[in-house]
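To start, the structure under review is shown below, and the notes come after it.
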Amino acid sequence: MPWEPDVENLLIRLTDGQRQALGDDLVGSYVFGSVVTGDFDAGISDVDTVAVLRSDPTAAQLAALERLHRDIVEQMPEWEDRVEVVYLASLALTSFRTFSSPAARISPGEPFHAIEVDEGWLIDWYQLREVGVALFGPPAASLVPLISRTEYVEAVRQHMLAWPDPTDELEQGDQAYAILTMCRGLRTWRTGELVSKREAARWACEALPEHADLIRDALAWRAHSRDGVRIDGTETREATRRFVSDVQRLVE
């Protein structure tokens, strides 16, 4: 699959580093999200990936992977805080509904750290199975168990209903994340489709015309936040709260 040159360079560097750090324990490495669905914003969007191992990552492997991500930021500073990788065993994928398993993650706003994966990851694994592209290894669908669209849509609905009150989000970049996530969730709940935040925002402007101006503003806030511009959101907190509450009422 053709990527933009900066994305391709990142994915090559990431995959090569993973193979070096994990050796034969690396089953596969996969990219999904906006890079794959065709709605990637250069300089703004994150790159979402998953690396599957033969067994739970060891302490030595975690240390090597942490060094890998530190080196990537040093060599490619434009990707700082824009790469997400989850490292987990293949058994953790096949049994995520049954029990939690140890894993590791690096993501925007979070350093490389140990986590647990369980049934709460259903949304991610559905997306990985549906649109994930192998950078190394077998197809993603051969590792992720079947997840029905009905199960996925219900998980999205529950995620929306559990969204915290956004009035504590003091910056517009954080408010934009809440608004655009709710747009995408509503689109999924109504259509069953998996789309990017930007496409969902375009759709939501028509579906919720009373909130169209706020949604368009959220797209601009998102772009500014990725440029390192932090804008106080005190004046827009209430509008964001109303939007989230309105969407939650629609999916109740």
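The values are calculated or read from the model by the stated rules, or taken from the named source; none is laboratory data. Not measured: the values here are computed from a predicted model. No Cβ is skipped: glycine too gets one built from the backbone with ideal geometry, and neighbour counts run over all protein chains shown. To get the accessible areas, we keep the full protein, side chains included, count just its heavy atoms, and leave off ligands, DNA and RNA. Shrake-Rupley method; radii C 1.70, N 1.55, O 1.52, S 1.80 Å.
Within region 1-44, can you find the residues that are of a type in the set (Phe, Trp, Tyr) and under 24 Å from LEU62 (Cα atoms)?
Taking region 1-44 and keeping what is of a type in the set (Phe, Trp, Tyr), we get 3, 30, 32, 40.
Result: TYR30, PHE32.
Which residue pairs have Cβ atoms closer than 8 Å, lie 6 or more positions apart in sequence or on different chains, and pair a first residue in region 141-169 that is more than 18 Å from ARG97 (Cα to Cα) with a second residue that is among the acidic types (Asp, Glu) and surrounded by fewer than 15 Cβ atoms within 10 Å (Cβ to Cβ)?
Pairs that qualify, where the first residue is more than 18 Å from ARG97 (Cα to Cα) and the partner is among the acidic types (Asp, Glu) and surrounded by fewer than 15 Cβ atoms within 10 Å (Cβ to Cβ), are LEU161/GLU252; THR167/GLU238.
Hey, among the residues in region 44-66 that are under 16 Å from the mean Cα position of the chain (by Cα) and open to solvent by 10 Å² or more (accessible area, probe 1.4 Å), which one's farthest from ALA176 (Cα to Cα)? Even if it seems obvious, please write down each step before you answer.
If we filter region 44-66 for residues that are under 16 Å from the mean Cα position of the chain (by Cα), which is where we start, we get 44-51.
After this cut, where a residue has to be open to solvent by 10 Å² or more (accessible area, probe 1.4 Å) as well, the list is 44, 46, 48.
Numbers: ILE44: 13, ASP46: 15, ASP48: 19 Å.
Within region 44-66, the match that is farthest from ALA176 (Cα to Cα) is ASP48.
Could you list, ordered by first residue, the pairs with Cβ atoms under 9 Å in which the first is in region 89-109 and on the phi > 0 side of the Ramachandran plot and open to solvent by 30 Å² or more (accessible area, probe 1.4 Å) and the second is of a type in the set (A, V, I, L, M) and in a helix (DSSP H, G or I), at least 6 apart or interchain?
none
Using the structure shown, decide if LEU93 is in a helix (DSSP H, G or I) and either among the basic types (Lys, Arg) or touching a Leu at 6+ places or on another chain (Cβ under 7 Å) (or both).
Numbers: in a helix (DSSP H, G or I): yes; either among the basic types (Lys, Arg) or touching a Leu at 6+ places or on another chain (Cβ under 7 Å) (or both): yes.
Yes, satisfied.
If VAL31 passes every condition in (1) among the hydrophobic types (A, V, I, L, M, F, W, C); (2) over 19 Å from LYS197 (Cβ atoms); (3) not in a loop (DSSP other than H, G, I, E, B) but one, which one does it miss?
(2)
Between ARG222, ARG241, which is basic (Lys, Arg) and within 27 Å of TYR126 (Cα to Cα)? Walk me through how you get there before you give the answer.
Values: ARG241 fails: within 27 Å of TYR126 (Cα to Cα).
Just one listed residue meets the conditions, ARG222.
Output the qualifying pairs, or none if there are none: Cβ atoms under 7 angstrom, residues six or more apart or on different chains, first residue in region 31-46 and in contact (Cβ under 8 Å) with a residue 60 or more places away in the chain and under 17 Å from ILE12 (Cα atoms), second residue polar (S, T, N, Q) and assigned to a strand (DSSP E or B).
Here the result reads VAL31/THR49, each pair linking region 31-46 to a residue that is polar (S, T, N, Q) and assigned to a strand (DSSP E or B).
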